[in-house]
Amino acid sequence: MRTWVRISFSAALLLCLLWANRSAAETVSESPVKLDEVTVWAKKAEGAIPVYVDNVIQENELERADIMDSVVQALRNQAGIQFRSGSFAGADSRKVRLRGFDETRFRVLVDGLPFKRDGSYGSGPVDWSVLTSEYVERIEIIRGAGPARYGDTLGGTINIVTKRPVEKPNTVIRTSYGSFDTWDTRFSHLWKVGPVGWVLSANHYETDGYLRNNDFERNQFFGKLTLDLPFNFELGAGGLYSDAKTGMPAYNMSDSPYFDSDDPTSVSRELGGPGVGARLIEGDYGWGDGTEAHDKNNFFDVYLAKYFELGYARVSYLQWNHDQDESFYASDDGRLIYQRETEGEDANWEIVGDSELFLGDHTVGAGFEIRRYGWGDQVVDFIDASAFNASINSPYFAFIKEGFKGQPKCLEYNAAYLQDRWRIHSRLDLEAGVRAEWFKACEIDPDAFGYPAGAQPSDLDEFNADPRIGIVFRPWDGGSVNGRFGIVHRYPNSPEYFWWYLNRSTDFFNTDLSVEKAFQYELGVEQVFFDSLTTRLRYYFYDINDYIASVTVPGTGQVVYNIGDVTVQGVELEVGAKLPYGFSAWANFTYQDSDKDDDPWDSGNETTSELPDLPEKMFNIGIEYAFENKFSAELFANYVDSREHFSGADLMELDSYLLLNFNARYRFFENRWSSWEAFFSAENITDQDYQEREGYPQPGATFVGGLRIAL
């Protein structure tokens, strides 16, 4: 099957290329050709959207009312996007999958720079809650391998583009109130005076939450400063700081002696790590109301850019830190039983260089990345040993009482790329590139985790050169056919590398760890009819060797290992139409499935041959009405099919769900100094009972309304 797919895909690419060359030869022999206008990437064209971007979420979509606190909500109507939420708000409120891959397997960028954390101590690779819409101009989605500038990514790339300073001062104040006593207040200010420009944004968000003990409060600040220098240089710096407190969802099932029928039934969820609940005498329901995680995130970058008549070059330095304080309180009497401080990301840093030049019919890009990262220490400030079972006296769990020192610089990633997009003919583009990557995971200090591992010292050292190739053929006006092939390697993050390293001493089934290697194939067709109807159809196929997986094994702990072969394929169909009288409509449909082979944990595929939690079908549909620039409203629905799911070692199924949502905006006052706008949103109008992740029911109908003032 896989061989047939590869042959068919290669044949399709070859036919498109031959057809285009024949068309080019015929055109040249008949008459001169007027080439399309070339957009030059100079400072005046800085907001240009790259041609390889599949979808763009514009600012007006980002500003729509929403009960959630994150810009990620704007992704929900996109084909191939799946949410897996474990709580209503905070760091665990939204987990995103793109084409079935979570954030460890697709890239998240802010202004082209990596935003993804390493995910140590249960913090996860992306905290979407720190990304809010008031400073975001648009979101670009590149599906699949993409050009060579985008590296170790399978599902694709999501690039969040922030606003730039503007010549005329722009200030926006926005406040809203909604279900669960949710308040959201935002402020932003943009301006450029002479050579100096700035973007400033502040936000306060708080909610009582939906699940038991899942209140959330966050204060956030974003700033960007730009300075024009002589000879068309630009110096810039930016930073994002977030300070948030999140109540950890407490176990609230009927078998708990502390069950509260006033709150939804849900299982507990620790927002840090390593886990404490398994060491408590009363297990998961040994901690309850008041238990919280206090997170501080800060991201900082500084860059120097040079703009040429035919392009640009830029080098950036970025650093990120994540600190978390956790406090656990007993379910029975509310006393403090445990408190610790963790440096999940300890001054991890990266240097990124990128450039692009327009040379005749060629758009040439080149760049590099240098990254150093790992995990910091953990300090235990307080422990009430009477709440814990005897396991904490074992040397294997001494870290529960004593903490550990971590290993801040454990992993290294270096890369360089070269790519070219060649306008062979007005109807044909050829894209080719290569990305070279060096990855090294160092020997782990035995004291890094305070765990007396018997594993022999080891490291992981890899070099790979990954080619990318693609074509875009426009056989007739308004239509295009595109194909893309790429090889991508995905490297283990520090939690995966650590647990594999630690458990090598058990001589279990995971004595070797290999880097993932994915062959990616993509074929797409796009057609515009009468400038009012747009259709897109994409087919993709991923063949992944040595897929990195993990499982919790009783008596052993978390085990990281390779599945020999995993395939994922799917079809995405998108339709958008402009209708009379200010109406427009859109819809998209996703079909996807997966298969796996040579799984040492499930050698006979006795449970399932598919990857868990992957819905086979999803669709989104909506209709929008806009009257001038004063009023707009949208009614839309999101459907997710049932999913096979592992509950421990048992296979179960999560039910499908269909959500109906509505939002509206009305600009009721406007003059030369200001505009005033009211907005309203209702989500899950039919009060659907559903779960995106087992054990964490999602809210029923929710409502939010507010006011936005632009000065």
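Odds and ends about this structure:
- Subset tally (residues that are surrounded by fewer than 16 Cβ atoms within 10 Å (Cβ to Cβ) and modelled with pLDDT under 95) for the range 651-661: 4
- Annotation note: Cβ proximity below 7 Å between a residue of the range 266-279 that is free of Cβ contacts under 8 Å to residues at least 12 places away in the same chain and a residue that is surrounded by fewer than 21 Cβ atoms within 10 Å (Cβ to Cβ) (sequence gap 6+ or interchain) occurs for G277/E270; G277/G283; G277/D284.
- The range 460-514 - residue that is surrounded by 22 or more Cβ atoms within 10 Å (Cβ to Cβ), modelled with pLDDT of 90 or more and small (G, A, S) and, of those, nearest to R372 (Cα to Cα): G486
- In the range 151-197, the residues that are closer than 30 Å to E516 by Cα and hydrophobic (A, V, I, L, M, F, W, C): L154, I158, I160, V161
- Being assigned to a loop (DSSP other than H, G, I, E, B) and open to solvent by 20 Å² or more (accessible area, probe 1.4 Å) is a description that does not apply to D546.
- Selection of the range 455-487 for residues being assigned to a strand (DSSP E or B) and either without any contact (Cβ under 8 Å) to a residue 12 or more places away in the chain or among the aliphatic types (A, V, I, L, M) (or both) yields L460, A465, I469, I471, V472, V481, I487.
- Tabulated pairs, the range 584-596, first within 11 Å of N77 (Cα to Cα) and among the β-branched types (V, I, T), second open to solvent by less than 40 Å² (accessible area, probe 1.4 Å) and part of a strand (DSSP E or B), C-beta under 9 angstrom, 6+ apart or interchain: none
- Residues (open to solvent by 70 Å² or more (accessible area, probe 1.4 Å) and either touching a residue at least 40 places away in the same chain (Cβ under 8 Å) or touching a strand residue (DSSP E or B) at 6+ places or on another chain (Cβ under 6 Å) (or both)) located in the range 236-256: Y241, K245
- Selected residue [in contact with a Lys or Arg (Cβ under 7 Å, 6 or more places away or on another chain), surrounded by 17 or more Cβ atoms within 10 Å (Cβ to Cβ) and small (G, A, S)] from G374, G406: G374
- Entirely in the range 671-711, the strands (runs of 3 or more DSSP E) that have 3 or more residues that are modelled with pLDDT of 95 or more, of a type outside the set (S, T, N, Q) and under 28 Å from the mean Cα position of the chain (by Cα): 675-683, 702-710
- When restricted to residues that are touching a residue at least 40 places away in the same chain (Cβ under 8 Å), touching a Pro at 6+ places or on another chain (Cβ under 9 Å) and crowded, with 19+ Cβ neighbours inside 10 Å, the range 679-697 contains 2.
Table: residues versus (1) under 27 Å from G80 (Cβ atoms); (2) open to solvent by 70 Å² or more (accessible area, probe 1.4 Å); (3) among the polar types (S, T, N, Q).
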residue: A577; (1), (2), (3): yes, no, no
residue: N588; (1), (2), (3): yes, no, yes
residue: F627; (1), (2), (3): no, yes, no
residue: K630; (1), (2), (3): no, yes, no
residue: N663; (1), (2), (3): yes, no, yes
residue: E677; (1), (2), (3): no, no, no
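- Boolean, P230 is touching a residue at least 12 places away in the same chain (Cβ under 8 Å), out of contact with any strand residue (DSSP E or B) (no Cβ under 7 Å at 6 or more places or on another chain) and open to solvent by 20 Å² or more (accessible area, probe 1.4 Å): no
- Residue count, the range 293-322 (criterion: open to solvent by 60 Å² or more (accessible area, probe 1.4 Å) and either farther than 30 Å from F231 by Cβ or touching a residue at least 60 places away in the same chain (Cβ under 8 Å) (or both)): 6
- Flag if L614 is open to solvent by less than 60 Å² (accessible area, probe 1.4 Å), in a loop (DSSP other than H, G, I, E, B) and in contact (Cβ under 8 Å) with a residue 12 or more places away in the chain: yes
- Test: residue in the range 534-541 that is over 24 Å from the mean Cα position of the chain (by Cα), in a strand (DSSP E or B), surrounded by fewer than 22 Cβ atoms within 10 Å (Cβ to Cβ) and at pLDDT 95 or above: yes
- Among residues of the range 384-403, those that are surrounded by 19 or more Cβ atoms within 10 Å (Cβ to Cβ) and in contact with a Leu (Cβ under 8 Å, 6 or more places away or on another chain), counted: 2
- Scanning the range 240-264 for residues that are charged (D, E, K, R) and more than 31 Å from the chain's Cα centre (by Cα) gives D255, D260, D262.
- The listed residue being acidic (D, E), closer than 25 Å to S327 by Cα and either open to solvent by 10 Å² or more (accessible area, probe 1.4 Å) or in a strand (DSSP E or B) (or both), out of D381, D354, D420, D429: D381
- Being assigned to a strand (DSSP E or B), of a type in the set (A, V, I, L, M, F, W, C) and open to solvent by 10 Å² or more (accessible area, probe 1.4 Å) is a property that holds for L225.
- Selection count, the range 276-303, where residues are of a type outside the set (A, V, I, L, M, F, W, C) and farther than 30 Å from F221 by Cα: 8
- Count of residues meeting criterion [touching a helix residue (DSSP H, G or I) at 6+ places or on another chain (Cβ under 8 Å) and either without any contact (Cβ under 8 Å) to a residue 40 or more places away in the chain or assigned to a helix (DSSP H, G or I) (or both)] in the range 280-292: 3
- Selection count where residues are among the charged types (D, E, K, R), in a strand (DSSP E or B) and open to solvent by 40 Å² or more (accessible area, probe 1.4 Å), scope the range 323-345: 4
- Screening Y581 with (1) under 23 Å from the mean Cα position of the chain (by Cα); (2) among the hydroxyl-bearing types (S, T, Y); (3) open to solvent by 20 Å² or more (accessible area, probe 1.4 Å) gives one miss only, at (1).
- Qualifying residue in the range 625-640 (condition: closer than 22 Å to G695 by Cβ, in contact with a strand residue (DSSP E or B) (Cβ under 9 Å, 6 or more places away or on another chain), among the polar types (S, T, N, Q) and at pLDDT 90 or above): yes
- Filter result for E341 (among the acidic types (D, E) and in contact (Cβ under 8 Å) with a residue 60 or more places away in the chain): no
- Selection from the range 398-417 of residues that are touching a residue at least 24 places away in the same chain (Cβ under 8 Å) and not in a strand (DSSP E or B): A398, F399, I400, E402, G403, K405, G406
The values are calculated or read from the model by the stated rules, or taken from the named source; none is laboratory data. Because the structure is a prediction, the values reported are computed rather than measured. Counting neighbours? That spans all protein chains shown, and the Cβs are built from the backbone with ideal geometry, glycine included. Ligands, DNA and RNA are stripped out before the accessible areas are found, and what is left, the full protein with its side chains, is counted by its heavy atoms. Shrake-Rupley method; radii C 1.70, N 1.55, O 1.52, S 1.80 Å.
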